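Note sheet for the following structure.
The values are calculated or read from the model by the stated rules, or taken from the named source; none is laboratory data. These figures come from a predicted structure and were not determined experimentally. Note: ideal-geometry Cβ built from the backbone for every residue, glycine included; neighbour counts use all protein chains shown. Note: areas computed on protein heavy atoms with side chains; ligands, DNA, RNA excluded. Shrake-Rupley method; radii C 1.70, N 1.55, O 1.52, S 1.80 Å.
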Amino acid sequence: MTDSLSVRDNRTGQEYDVPIENGTVKGADLGKIKSPDGQPLAVYDPGFVNTASCKSSVTFIDGDEGILEYRGYPIEQLAEQSTFLEVAYLLVHGELPTQTQYETWEHDITYHTFVHENVKSFMEGFRYDAHPMGMLMASVGALSTFYPDARDIEDDEIRQLQIVRMIAKMPTLGAWSFRHAQGKPFVYPDNELGYTANFLSMLFKMSEDRFGADERLVKALDVLFILHADHEQNCSTNAVRSIGSSQVDPYSAVAGGVGALYGPLHGGANEAVLRMLRRIKDKKNVPDFIEGVKNGDERLMGFGHRVYKNYDPRAKIIKKACDDVFEVTGVNPLLEIAMELEKIALEDEYFVSRKLYPNVDFYSGLIYEAFQFPPEMFTVLFAIGRTPGWLAQWLELVQDKEQKIARPKQIYTGDRTLDFVPSSKRWS
Ligand code: CMC
């Protein structure tokens, strides 16, 4: 058996052998198949449903088996035994750090948590009710104006500096977006604290000398960041890569990623889960709600996934994190409804036959609410977690000799060769 595809083009009677490599055929090879008038064959694939856009060694997903690995390490082990900063190092550098490498990484990221004072005044200029994701997107993009050296994407030392800066500054920008909406003063980073504890301090500190978050909450948020750190070629990562393919600086590329994540089909589902649970209101209303879902009246938010058809491994870990958080904050009353929904759905033929299981968003909203985050902040938390993944993918892209500027084809369906009539004649 040879690794190729034999194709007969019935339009011309021509036969072709198209090589298969890594289970894919190259779009350029299909382009060698020509119509009778010489037009190359192309693939029509809105949403890249069956098109690989890159080769990547960052994240592996097996949706049927419910496997997620960063650089080959299972998400379960990373969530239990690692820290977000170590996972960030792993994603960016491709391997786990030595002790010295980790200490330097942690030191550098801590050192860069502050932002230029002009960023602060810039953020203060937003309207009182600005959405924190809009503020985050704009302020990450604005960082490109503070670091013009970032445009030199060929220089590895400069690239690494921007990566450190961005991972370091995202919590500062995210926390300040939150404080702005609350009309509270911005809190400067406390570099005596770890990455996640410092983020909580910038969010919630008031007049106390030092904000000391409960260690269990710090750990739970750190785990949530780990779970969101990368997810291969999703919508926002694809946006980062697509923008980065123009060789723009990484701040502009990541700002585009934040924009993509902002959309309700991507980062916003956990908010929808929370709204759904509030609407159901009581455990006794769950059977009626499930009937409504089965009748096609609505969707069970937080269930189902394009890739995971067995279970979402992140959902299992989050469920465990829920227990740890509720031990500190008290149980979110919506948890009872969520667990009843899960129990009924997992036994129901409708959900079983369609392979619908809880996804990462089913329980994460409950945890965020227990932290007293308003729903608008949920996606900001996702963005902070996803930043090392975006940057690892960006780094891979700019070093990949096979990559080109992203420029999909289209199937043109509009008019042709119309004669222009000036407005003076059209409007008289
Ligand atoms: N509730 C009820 N029915 C569903 C659901 C759901 N949540 N998800 C899928 N289905 C049904 C759907 O109606 C269809 O049924 P039928 O074959 O009878 O028409 C079948 O299952 C296949 O659904 P699909 O829409 O073709 O599947 P998809 O792969 O295009 O959609 C999804 C994946 C995540 C958009 C979808 O499952 C969904 O809308 N879920 C709810 C929203 C949600 O929780 N999104 C968060 C995703 S995880 C975050 C991330 O990793 O980015």
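Please list, by residue number, every one of the GluC sites (Glu not before Pro) in the stretch 374-413 that is coil in DSSP and has at most 11 other beta-carbon atoms within 10 Å. Don't skip to the end; give the middle numbers.
Details: sites: E376, E396, E402; in loops: E402.
Passing sites in the stretch 374-413 are E402.
How far apart, in nanometres, would the label points at S423 and V248 be if each is projected 7 angstrom from Cα along the Cα-to-Cβ direction?
3.0
So for each of 194-204, 2-12 I average, over its residues, the number of other beta carbons within 10 Å; can you give me the resulting order with the highest mean first?
Going from most to least packed, we get 194-204, 2-12.
Can you tell which of D155, D45, D249 shows the greatest fluctuation in a Gaussian network model of the chain with Cα springs below 10 Å?
The residue that fluctuates most here is D45.
Quick one: length gained pulling V307 to L346 fully straight, 0.36 nm per residue minus the C-alpha distance?
12.2 nm
Can you pull the three principal axis extents for the Cα set of the chain, in Å, largest first?
Its Cα atoms span 77, 68, 57 Å along the three principal axes.
Provide the net charge surrounding A175, with neighbours chosen by a C-beta distance below 13 Å and charges set as Lys +1, Arg +1, Asp -1, Glu -1.
Details: positive: K120, K169, R179, K184, K205; negative: D190.
With Lys, Arg at +1 and Asp, Glu at -1, the neighbours total +4.
With just the Cα atoms defining each centre, how far is the stretch 209-243 from the stretch 136-182? Give it in Å.
Going from one Cα centre to the other spans 16 Å.
Normalise the Debye intensity by I(0) for the stretch 293-428, one equal point scatterer per Cα, no solvent, then take log10 at q = 0.16, 0.21, 0.22 Å⁻¹ and round to two decimals.
Debye curve over Cα of the stretch 293-428, log10 I(q)/I(0) at q = 0.16, 0.21, 0.22 Å⁻¹: -0.97, -1.28, -1.33.
Would you mind working out the magnitude of the charge dipole of the stretch 71-408 relative to its Cα centre, with +1 at each Lys and Arg C-beta and -1 at each Asp and Glu C-beta, to the nearest 20 Debye? Don't skip to the answer; put the middle values down first.
Numbers: 35 positive and 48 negative charges, 208 e Å.
Charge dipole of the stretch 71-408: 1000 debye, to the nearest 20.
Say R0 is 22 Å: what FRET efficiency, to the nearest 0.05, do I67 and H93 get from their beta-carbon distance?
0.50
Filter the cross-link list K169/K404; K120/K205; K184/K281; K55/K401; K281/K316; K169/K205 down to pairs whose alpha-carbon distance in this structure exceeds 21 Å.
K169/K404; K184/K281; K281/K316
Using 1/(1 + (r/R0)^6) with R0 = 45 angstrom and r between the beta carbons of S207 and T51, what's the FRET efficiency to the nearest 0.05?
Values: r = 54 Å, r/R0 = 1.21.
Once the sixth-power term is evaluated, E becomes 0.25.
So which GluC sites (Glu not before Pro) in the stretch 143-240 are both in a DSSP loop and have at most 11 other Cβ atoms within 10 Å of their Cβ?
E154, E192, E208
For the pair R279/V43, report the inter-label distance in nm, with labels modelled 7 Å from Cα in the Cβ direction.
3.7
For a Förster distance of 35 Å, can you work out the FRET efficiency between the beta-carbons of Y188 and D323, rounded to the nearest 0.05?
So the FRET efficiency works out to roughly 0.55.
For a quick size check, give me the Cα extents of the stretch 1-98 along its three principal axes, largest first, whole Å.
60, 27, 24
Given Cα pairs under 8 Å that are at least 6 residues apart, what percent is the relative contact order of the chain?
Relative CO of the chain lands at 20 percent.
List the residues whose amide H sits under 5 Å from the amide H of L5, counting only those 5 or more places along or on another chain, with H placed 1.01 Å from N in the peptide plane.
V18, I20
Could you give the length gained by full extension between S35 and T145, i.e. 0.36 nm per residue of separation minus their alpha carbon distance, to one decimal place?
Numbers: separation 110, 0.36 × 110 = 39.60 nm, distance 4.83 nm.
Roughly 34.8 nm would be gained on extension.
Anyone know which of L161, L136, L173 comes out most mobile in the 10 Å Cα GNM of the chain?
Among L161, L136, L173, the largest mean-square fluctuation in the Gaussian network model of the chain belongs to L161.
Positive end of the dipole of the stretch 43-150, charges at C-beta (+1 Lys, Arg; -1 Asp, Glu), about the Cα centre: which of Y89, M133, F60 has its Cα farthest in that direction?
M133
With labels modelled as points extended 7 Å from the Cα through the Cβ direction, what inter-label distance (nm, one decimal) is found for Y128 paired with A28?
So the label points at Y128 and A28 sit 5.8 nm apart.
Kindly write out, for the stretch 14-27 in residue order, the coupling ³J(HN,Hα) from the Karplus curve 6.51 cos²θ - 1.76 cosθ + 1.60 (θ = phi - 60°), rounded to whole Hz, with x marking Gly and Pro.
Once rounded to whole Hz, the list reads 6, 10, 9, 10, 9, x, 10, 10, 6, x, 10, 10, 7, x.
Using the membrane-span-like helix rule (whole DSSP H runs, Cα extent along the own axis of at least 15 Å, mean Kyte-Doolittle hydropathy at least -0.5), which helices of the chain qualify?
132-146, 156-182, 215-228, 250-262, 269-280, 313-329, 334-347, 378-399
For T104 and T413 in one chain, what is 0.36 nm times their gap in residues minus the Cα-Cα distance, to one decimal in nm?
Additional length available on full extension: 105.7 nm.
So which trypsin sites (Lys or Arg not before Pro) in the stretch 374-428 are both in a DSSP loop and have at most 15 other Cβ atoms within 10 Å of their Cβ? Please report the intermediate quantities before stating the final value.
On the way: sites: R386, K401, K404, K409, R416, K425, R426; in loops: K401, K404, K409, R416.
In loop regions of the stretch 374-428 (DSSP not H, G, I, E or B), the sparsely surrounded trypsin sites (Lys or Arg not before Pro) are K401, K404, K409, R416.
Just to be sure I understand: with springs between alpha-carbon atoms less than 10 Å apart, which residue in S57, S236, S353 has the highest mean-square fluctuation in the Gaussian network model of the chain?
Top of the fluctuation ranking is S353.
Which whole-number value in Å² is the accessible area per residue of the chain, probe 1.4 Å?
On a per-residue basis, the chain sits at 52 Å².
With all protein chains present, how much of the accessible area of the stretch 71-408 (probe radius 1.4 Å) comes from carbon and sulfur, to the nearest whole percent? The partial results should precede the final answer.
Details: 7550 of 14970 Å².
Reported share for carbon and sulfur atoms: 50 percent.
In whole Å and largest first, what semi-axes does the C-alpha gyration tensor of the stretch 156-246 yield when each eigenvalue is scaled by 5 and square-rooted?
Over the Cα atoms of the stretch 156-246, the semi-axes work out to 28, 16, 14 Å.
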